[in-house]
Amino acid sequence: MGVLSALAILAGLVVVHEAGHFLAATVQGIRVSGFSIGFGPVLLERRIRGVQFALRAIPLGGFVSFPDDEEDSTIAADDPDLLRNRPLPQRALVIAAGVLANLLLAWLVLVGQGFSLGIPDGFASSAGVVVSGVQAGQPAAAAGLKSGDRIVRLQGSSIGGGQGAVQALVAEIQGAPGRPLDLEIARGNQTLQLSLTPDDLAGRGRIGAQLQPNGQELYRPASSPGEVLTQATASWALLLQRTASGFATLITHFGSTASQVSGPVKIVEMGANLAQQGGGSLVAFAALISINLAVLNALPLPLLDGGQFVLLLLEGLRGRPLPQRFELAFMQSGFVFLVGLSLVLIVKDTSQLAVVQQLLGR
């Protein structure tokens, strides 16, 4: 059920993003020819008022298509309702609408959490430290540590709870470069003994795992609707700031942060783990991924909304449309890059899944 919940959330976020483009176009009377989830061959389709709504074979996003892009379109090239014939502000709104839809959805999800679950009111910690993520090829993965494990003992001594336990464990790891550490792990109903040796990174130990306190978030009833809106807005702004900062760090320090990038498979696994922790964690996951999708699409890369904005900006500065062959080359290069990157991430993430590791005898 956790995997299905995560998949449903990801699919819903893609639908919302593309619906933003679709609605921004149709409300302005701009012609739309298709609304697709996924890429490649059509699996299911239905036509409504001349628009093809399709589910496609490659689940790596979606797109809204316009008659402007169809060579066999019967619509006159000078039709005022074609996207390319509309003023730049109207076209800009269509391009930006997907990002805006995901940002709005994230805020609405947080508002819904406030009205349904309440206002965050602390954290009820339990003994142990939870492993929330493991990087392939690092000491934690080599030792057999997996996402969802709970570290309960280190070197024979019990680990406490809360953020203090995380900080103490991190300090022990950083202080033991090249020295074996014995861990006791709780995994479901099993208790396992593992030994790992932190890598030596400039004199500090590193194991390649993300750690978080064990426990659950506490909530209290909101005192007023205004408190819900204020809390949701503050949480939304914080998530947006941290997401944008994370992307900026990835770009400026790509060599040291590239290994932390995850693809759709790893995101689904993370969502499934959060689903098992309860509704509040899954809500936070939905809001975070929606904001990530918005920030990612805002990047000035081909095929992404940010790349489309770059072309629109160049057209505005130039005072006339860009050469068609330039736009085509720009988009084709982006397609090869993004599909290639997606495939690499899928293979990378899949190789880390527990089921595949077991099949490979790891």
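The values are calculated or read from the model by the stated rules, or taken from the named source; none is laboratory data. What you see is a predicted model; the values in this text were computed from it and never measured. For neighbour counting, all protein chains shown are included, and Cβ atoms are generated from backbone atoms with ideal geometry for every residue, glycine included.
Here are some residues: Gly61, Gly38. Which one is free of Cβ contacts under 8 Å to residues at least 40 places away in the same chain and not aromatic (Phe, Trp, Tyr)?
Criteria check complete, one pass: Gly38.
Taking the condition surrounded by 11 or more Cβ atoms within 10 Å (Cβ to Cβ) and closer than 16 Å to Gly133 by Cα, does Gly208 pass?
So Gly208 passes the test.
For a quick check of your reading of the model, give me the residue pairs whose first member lies in segment 293-309 and is within 19 Å of Gly246 (Cβ to Cβ), whose second is modelled with pLDDT under 85 and aromatic (Phe, Trp, Tyr), with beta-carbon atoms closer than 7 Å and at least 6 apart or on different chains.
Partner pairs satisfying both residue conditions: Val295/Phe247.
If I ask for residues that are surrounded by fewer than 17 Cβ atoms within 10 Å (Cβ to Cβ), over 24 Å from the mean Cα position of the chain (by Cα) and in a helix (DSSP H, G or I), which ones from segment 86-115 would you list?
Result: Leu88, Pro89, Gln90, Phe115.
Run down Ser195, Ser259 and say which single residue is at pLDDT 90 or above, surrounded by fewer than 16 Cβ atoms within 10 Å (Cβ to Cβ) and not assigned by TED's automatic domain parsing to the domain that holds Leu293.
Ser195
Each row is one residue, and each column tells you yes or no for (1) in contact (Cβ under 8 Å) with a residue 40 or more places away in the chain; (2) more than 30 Å from Val111 (Cα to Cα).
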site: Gln167; (1), (2): no, yes
site: Gly175; (1), (2): no, yes
site: Asn189; (1), (2): no, yes
site: Ser195; (1), (2): yes, yes
site: Gly226; (1), (2): no, no
site: Gln231; (1), (2): yes, no
